[in-house]
Amino acid sequence: SLTVASAAGIRDAQLRGYEEEPLLENEPGAVFTTPREGTVPLRVYYDRRHDDSFTTTTYYGRSTGREYAFVRIEGYVYQEEQPDTLPLSLYYDPRSHDHLTTARPEVAASAEEEGYVWQRIEGYVPRD
């Protein structure tokens with residue numbers, strides 16, 4: 001999987017052959033590109049062995065991804081739920097060792113149908 005919410009993420013996606021349009025700031029479910037009051041960094045880590053990107057805002061997330069190397073700060077998300085926000089949920093597929101982070105309910109539902117398991121809420125992003 002690949003996390004895309006910044007110019008660097010878009011470049012990574014294109015280099016790896018992804019064609020899906022990325023979320024841009026001010027779109028529902030997008031992260032902020034700069035820090036705002038009440039936000040925390042959403043960090044991207046990468047595991048070459050499994051070709052898997054992993055995003056987290058928490059110390060717990062950083063400590064569990066020991067095989068993952070830090071790539072960049074992808075953006076900023078609210079640490080606490082705010083009015084008109086959506087939870088940014090982390091999912092994991094143990095069969096493929098793939099992580100998925102999404103705030104879109106339809107993506108979450110599809111991931112669960114495909115065997116992804118919900119792990120935790122990493123933060124909150126604007127609904128619109």
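The values are calculated or read from the model by the stated rules, or taken from the named source; none is laboratory data. Only a predicted model underlies this, so the values are computations on that prediction, with no experimental measurement involved. Cβ atoms come from the backbone with ideal geometry, glycine included; neighbour counts cover every protein chain shown. What goes into the accessible areas is simple: the full protein's heavy atoms, side chains included, and nothing from ligands, DNA or RNA. Shrake-Rupley method; radii C 1.70, N 1.55, O 1.52, S 1.80 Å.
Applying the selection to the range 65-89, what residues are in contact (Cβ under 8 Å) with a residue 12 or more places away in the chain and assigned to a loop (DSSP other than H, G, I, E, B)?
Selection gives GLY65, GLU67, TYR68, GLN79, GLU80, GLU81, GLN82, ASP84.
Restricting to the range 91-107, name every residue that is touching a Ser or Thr at 6+ places or on another chain (Cβ under 8 Å) and at pLDDT 90 or above.
TYR91, the sole residue that qualifies.
Within the range 20-42, work out how many residues are at pLDDT 90 or above and not hydroxyl-bearing (Ser, Thr, Tyr).
Residues meeting the conditions: 7.
Can you name every residue in the range 90-112 that is under 9 Å from the mean Cα position of the chain (by Cα) and under 23 Å from ARG48 (Cα atoms)?
Of everything in the range 90-112, those that are under 9 Å from the mean Cα position of the chain (by Cα) and under 23 Å from ARG48 (Cα atoms) turn out to be LEU90, HIS99, LEU100, THR101, THR102.
For VAL107, all conditions in the list (1) open to solvent by 40 Å² or more (accessible area, probe 1.4 Å); (2) of a type in the set (A, V, I, L, M, F, W, C); (3) in a strand (DSSP E or B) hold save one; what is the number of the exception?
(3)
Just need a number here: residues in the range 81-91 that are open to solvent by less than 50 Å² (accessible area, probe 1.4 Å) and not hydrophobic (A, V, I, L, M, F, W, C).
Result for the range 81-91: 3.
Output the number of residues of the range 112-128 satisfying the condition of being part of a strand (DSSP E or B) and either of a type in the set (Asp, Glu) or closer than 18 Å to TYR78 by Cβ (or both).
Of the residues in that region, 7 qualify.
Which condition breaks for ALA13 when tested against (1) modelled with pLDDT under 85; (2) open to solvent by 50 Å² or more (accessible area, probe 1.4 Å)?
(2)
GLY123 fails exactly one of the following numbered conditions: (1) out of contact with any strand residue (DSSP E or B) (no Cβ under 9 Å at 6 or more places or on another chain); (2) open to solvent by less than 10 Å² (accessible area, probe 1.4 Å); (3) not basic (Lys, Arg). What is the number of that condition?
So the condition that GLY123 fails would be (1).
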